[in-house]
Amino acid sequence: MDGKTLLDTLEQQCVAQGISDLHCSPEKEFVRFEVRLHGVLELLAHISQAVYTDFLRHVKFASKLKMNITNIPQDGQLVFDVTEKDTQGGTAEGRERSRTVNIRVATIPSRFGEAITLRFLDPKRGIVALKELGFPDAMSGKLSDMMKVANGLFLITGPTGSGKTTTLYALLKTLIGTHRHIITLEDPIEYEIGGIVQSQMDASHDYTFASGLRSILRHDPNVILVGEIRDLETAQTAIDASLTGHLVLSTLHTNSAIEAIPRLLSMGVSPYTFAPALRGVMAQRLVRTLRKELQEEGAKADPADSASFGGRTVIAELLQATPEIQNLILANESATSIEQQARKQGYVSMREMGDGLVKQRITVQSEVDRVTR
């Protein structure tokens, strides 16, 4: 198989199976191809160096990377079309429907040649309605209510691959058509959404989250999405914007919802502006779900066997910034004190939500342990 045929085949198969990433790692005798399926990395195949060289050449050409540069990292992207049957068209055979899938490409020099990672950004999986993400009805209702406020700061926390961007896009979709001007600052723009203004960051031209946030305030937005809060300047600017009539959504890398509060305070944000600005913090993870036939009572599942799983669902914890919580922030109280108050308000941790899914045989305990410990 030549490199182009291999690329074409992998594009179609990865999208059909819901694979999010393809990792190509050169070793001395072969190149290791691995895929991330439902959040777990699995070996796909060992490819010869000759086939990989041809494959890499086609990937770099398609993604407009410089062919003669191999000693520094490069980033690019390519797109391809996927055609599938639309079984909801009312006929038994269905109609063919196509969509465009974007691949984000990243190379890095390694001991035995260029390693490359392909991230598949399929709009079918990345742009999903809020009700389809798996949140409990009560939590979905609270999230929807938070999006109806005129101003304030709402944060989603979690590691890379925990579904933060998908949730943010789902929340934004609930706001489209509600007479609100929505602008996003993203790095990079992963999916295109109609009805909003999406802006791509460019650090090489000093267009960062902080500078971009200051700029878009002159464009009269009602809702602002800041892809990630990485520093004090971005954090304080987002807080200030939320106090001046804007609903600001953003992400942060913390292990839990409650930890987001001391993290931002440790960055140096003012508790006197942070406390009244905050509306809520949600932390989330994705766990693999058992196939339908294995969810039946008495059916046995092998947690080590990826074939036991058929998809993923979210487990989450939502901290609502009530006046009591805001007062604790003003008093610079510990995360433990904030959690004690949150528990009185009905706060449930991600792990507790995951335990509930285990009891319902939607997932297994090892999955909850994997993403929460």
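Here is how the numbers come out for the structure above:
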| read-out | value |
| --- | --- |
| Filter result (surrounded by fewer than 17 Cβ atoms within 10 Å (Cβ to Cβ) and of a type in the set (Gly, Ala, Ser)) within region 30-75 | 45, 48, 50 |
| Any hit, region 330-349, residues being modelled with pLDDT of 95 or more and under 30 Å from residue 20 (Cα atoms) | yes |
| Residues that are open to solvent by less than 50 Å² (accessible area, probe 1.4 Å), closer than 27 Å to residue 218 by Cβ and in a helix (DSSP H, G or I), drawn from region 166-195 | 168, 169, 171, 172 |
| Residue list for region 175-192, filter: modelled with pLDDT under 95 and of a type in the set (S, T, N, Q) | 178 |
| Qualifying residues in region 299-338 (those that are without any contact (Cβ under 8 Å) to a residue 60 or more places away in the chain and assigned to a strand (DSSP E or B)) - the one most open to solvent (accessible area, probe 1.4 Å) | 310 |
| Counted residues, region 276-296 - those being open to solvent by 30 Å² or more (accessible area, probe 1.4 Å), more than 19 Å from residue 363 (Cβ to Cβ) and in a strand (DSSP E or B) | 1 |
| Count of residues meeting criterion [touching a residue at least 40 places away in the same chain (Cβ under 8 Å) and open to solvent by less than 40 Å² (accessible area, probe 1.4 Å)] in region 348-361 | 5 |
| Residue tally, condition assigned to a helix (DSSP H, G or I) and not acidic (Asp, Glu), over region 200-243 | 23 |
| Condition check for residue 115: closer than 30 Å to residue 60 by Cβ and among the hydrophobic types (A, V, I, L, M, F, W, C) | yes |
| Residue in region 131-140 that is of a type outside the set (Gly, Ala, Ser), buried (at least 16 other Cβ atoms within 10 Å of the Cβ) and more than 21 Å from residue 101 (Cα to Cα) present | yes |
| Residue ID - surrounded by the most Cβ atoms within 10 Å (Cβ to Cβ), chosen from residues in region 1-29 that are of a type in the set (Asp, Glu) and in contact with a strand residue (DSSP E or B) (Cβ under 9 Å, 6 or more places away or on another chain) | 11 |
| Residue count, region 324-333 (criterion: farther than 18 Å from residue 268 by Cβ and of a type outside the set (A, V, I, L, M, F, W, C)) | 3 |
| Within region 135-152, tally of residues that are of a type in the set (Gly, Ala, Ser) and not in a helix (DSSP H, G or I) | 2 |
| Checklist (1) within 30 Å of residue 280 (Cα to Cα); (2) in contact (Cβ under 8 Å) with a residue 24 or more places away in the chain; (3) open to solvent by less than 70 Å² (accessible area, probe 1.4 Å); (4) not in a strand (DSSP E or B) applied to residue 155, failing item | (4) |
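Yes/no matrix, rows are residues, columns are (1) out of contact with any Asp or Glu (no Cβ under 6 Å at 6 or more places or on another chain); (2) touching a residue at least 12 places away in the same chain (Cβ under 8 Å); (3) farther than 22 Å from residue 162 by Cβ; (4) assigned to a loop (DSSP other than H, G, I, E, B):
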{"residue": "245", "(1), (2), (3), (4)": "yes, yes, yes, yes"}
{"residue": "249", "(1), (2), (3), (4)": "yes, yes, no, no"}
{"residue": "257", "(1), (2), (3), (4)": "no, yes, no, yes"}
{"residue": "262", "(1), (2), (3), (4)": "yes, yes, no, no"}
{"residue": "265", "(1), (2), (3), (4)": "yes, yes, yes, no"}
{"residue": "269", "(1), (2), (3), (4)": "yes, yes, yes, yes"}
{"residue": "274", "(1), (2), (3), (4)": "yes, yes, yes, no"}
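Okay, residues lined up against (1) under 20 Å from residue 121 (Cα atoms); (2) of a type in the set (D, E, K, R); (3) touching a residue at least 40 places away in the same chain (Cβ under 8 Å); (4) touching a helix residue (DSSP H, G or I) at 6+ places or on another chain (Cβ under 7 Å):
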| position | (1), (2), (3), (4) |
| --- | --- |
| 1 | no, no, yes, yes |
| 9 | yes, no, no, no |
| 15 | yes, no, yes, no |
| 19 | yes, no, yes, no |
| 23 | yes, no, yes, no |
| 39 | yes, no, yes, no |
| 68 | no, no, no, no |
| 72 | no, no, no, no |
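The values are calculated or read from the model by the stated rules, or taken from the named source; none is laboratory data. The structure presented is a predicted model; accordingly, all values stated were derived computationally and were not measured. As a convention, Cβ positions derive from the backbone with ideal geometry for all residues, glycine included, and neighbour counts pool all protein chains shown. SASA here: full protein model, heavy atoms, side chains in, ligands and nucleic acids out. Shrake-Rupley method; radii C 1.70, N 1.55, O 1.52, S 1.80 Å.
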